[in-house]
Amino acid sequence: MKIIQDPVHGYVEVDEKILPLLDSKPVQRLRYIKQLGFSNLVYPGANHTRFEHSLGTMHLARLMSLSLGLSGDEVTLVTVSGLLHDIGHGPYSHATESLMERCLGKSHQEIDYLILEGSIADQLSDLNLDPREVSAMVVGEHPLSGIIHGDLDVDRMDYLLRDAHYTGVPYGTVDAHRLIRSTNLTEKGLVLKENGINAAESLLIARTLMRPAVYFHHVSRIAEAMVKYAALEHLQATEFEDLNELLSMDDGMFYMRMLSSPSENARFLTKNLYSRNLFKRALYIGMDQVKFPSLQKLIELKDERSIAVSISEASGISEEEILVDIPQIPSSMSIEVQVRNHNDLVLLEDLSPLTGTLNETRRNQWRLGIYTTSENRKRVEEAAYEILNIEKLTRQDKLII
């Protein structure tokens with residue numbers, strides 16, 4: 001048994017038979033991918049990596065599988081899935097996720113191409129594991145996948161604790177061990193025991209508070225929009241020849257490729273990111289102001305560049321100086337609770353009015369962003385209001401907010 005000292009969980013035990021996977025190239029690559037992308041531009045301590053998070057997720061996954069009384073083979077499956085669950089991430093983590101979805105038609109959770117063949121497939125075979133089962137665990141299509149892929153999973157427990165630790169933001173407090181001990185495995189999957197309600201509420205509160213403070217902080221969103229556009233400009237300039245290679249790079253390799261891109265705009269944006277010379281918010285509004293023609297339709301279009309072109313034409317500002325950021329509407333958090341002395345399962349929101357309030361809060365945290373250079377903010381704002389048919393806030397509205 002190998003012991004690794006972790007700043008969040010203390011001593012993390014790694015079974016000797018799993019070490020070849022830990023030392024594999026796809027896992028070691030995660031040492032060079034920041035967990036929070038560009039959050040270190042806001043919180044200088046946020047330089048932790050996907051590798052550290054994967055170790056923490058593996059550790060908690062093992063603890064939960066043991067707590068649930070799983071068989072030895074099932075414990076190994078869950079533990080290994082926790083270790084491998086993030087190997088599909090592109091450079092700068094979620095900053096390039098939309099590129100992966102748009103250009104390759106897959107998310108970071110779809111890791112078939114990394115584990116069904118090659119060295120990892122052989123290592124999984126040595127552990128008597130079917131790579132297809134591991135893949136199903138990670139993507140959420142296995143009976144046990146709720147351990148690492150659900151509203152009460154160990155992935156979330158680790159990243160909330162870890163991100164709070166490294167950013168210094170005090171909102172990510174989660175009683176992971178209480179949650180693990182308060183989880184049951186039923187025919188319907190993982191459910192929460194009634195005595196774990198307070199711990200579950202704490203996790204949902206942490207997720208809700210960390211969204212605007214860390215995960216959707218406007219500086220991080222602007223930096224991500226800049227790197228996404230730089231990558232698109234580079235890919236168009238190279239006729240998408242190095243698409244797969246680009247999205248399989250780590251942060252440093254990706255940065256160097258952008259600096260040497262044939263696209264002048266890609267080089268310009270990358271240099272500005274390095275010096276923290278970021279675009280500014282011309283518009284940053286909630287869903288209550290968006291009238292275009294429906295908010296859901298706007299999100300489904302996912303055509304941020306067409307909107308940028310329209311704003312460019314209306315404002316007279318170069319298209320390259322306008323970025324449009326339209327995130328997905330947050331999904332509702334939902335946890336099933338097993339009521340003591342009963343076989344019935346009820347939703348947490350039926351027992352805790354706090355859940356409904358938090359889901360509504362998450363929706364109200366959603367923001368549409370239009371970003372540009374500081375000198376063009378006013379002109380871009382006026383054009384965006386007209387193009388998107390946005391309702392301007394009155395002075396009274398602003399005072400109420």
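The values are calculated or read from the model by the stated rules, or taken from the named source; none is laboratory data. Predicted model only: the values in this text are computed from it and were never measured. Because the Cβ atoms are built from the backbone with ideal geometry, glycine has one as well, and the counts that use them run over all protein chains shown.
A few remarks follow.
- Taken over the stretch 99-116, the residue count meeting the criterion of being among the hydrophobic types (A, V, I, L, M, F, W, C) and either surrounded by 23 or more Cβ atoms within 10 Å (Cβ to Cβ) or outside any helix (DSSP H, G or I) (or both) is 3.
- Any hit, the stretch 236-244, residues being out of contact with any helix residue (DSSP H, G or I) (no Cβ under 6 Å at 6 or more places or on another chain) and crowded, with 17+ Cβ neighbours inside 10 Å: no
- Helices (runs of 4 or more DSSP H) contained in the stretch 1-98 and holding at least 2 residues in contact with an Asp or Glu (Cβ under 8 Å, 6 or more places away or on another chain): 50-67, 72-84
- The residues of the stretch 349-383 that are among the charged types (D, E, K, R), touching a residue at least 60 places away in the same chain (Cβ under 8 Å) and under 30 Å from Ala206 (Cβ atoms), listed by number, are Arg362, Arg363, Arg367.
- Any hit, the stretch 215-234, residues being over 25 Å from Gln365 (Cα atoms) and out of contact with any Ser or Thr (no Cβ under 7 Å at 6 or more places or on another chain): yes
- Among the residues of the stretch 139-184, those identified as within 17 Å of Glu110 (Cα to Cα) and in contact with a His (Cβ under 6 Å, 6 or more places away or on another chain) are Gly140, Ile148.
- Any hit, the stretch 144-165, residues being among the hydrophobic types (A, V, I, L, M, F, W, C) and either without any contact (Cβ under 8 Å) to a residue 12 or more places away in the chain or on the phi > 0 side of the Ramachandran plot (or both): no
- The residues of the stretch 275-288 that are surrounded by fewer than 18 Cβ atoms within 10 Å (Cβ to Cβ) and farther than 14 Å from Ala225 by Cα, listed by number, are Ser275, Gly286, Met287, Asp288.
- Where strands (runs of 3 or more DSSP E) sit wholly within the stretch 312-371, those with at least 1 residues that are in the same structural domain as Tyr284 (by TED's automatic domain parsing) and either in contact with an Asp or Glu (Cβ under 6 Å, 6 or more places away or on another chain) or surrounded by fewer than 15 Cβ atoms within 10 Å (Cβ to Cβ) (or both) occupy 322-325.
- Residue within the stretch 75-93 that is over 16 Å from the mean Cα position of the chain (by Cα), exposed (fewer than 15 other Cβ atoms within 10 Å of the Cβ) and either without any contact (Cβ under 8 Å) to a residue 40 or more places away in the chain or within 28 Å of Leu161 (Cα to Cα) (or both) present: no
- For the stretch 120-130, the candidate set comprises residues that are in contact (Cβ under 8 Å) with a residue 60 or more places away in the chain and assigned to a helix (DSSP H, G or I); within that set, the residue that is farthest from Leu55 (Cα to Cα) is Asp126.
- Residue check for Glu117: free of Cβ contacts under 8 Å to residues at least 12 places away in the same chain and closer than 28 Å to Ala230 by Cα: no
- When Ser119 is tested against (1) within 27 Å of His177 (Cα to Cα); (2) surrounded by fewer than 23 Cβ atoms within 10 Å (Cβ to Cβ); (3) of a type in the set (S, T, N, Q), just one condition goes unmet, and that condition is (1).
- The sole residue among Ser39, Ser93 that is among the hydroxyl-bearing types (Ser, Thr, Tyr), in contact with a strand residue (DSSP E or B) (Cβ under 8 Å, 6 or more places away or on another chain) and assigned by TED's automatic domain parsing to the domain that holds Thr183 is Ser93.
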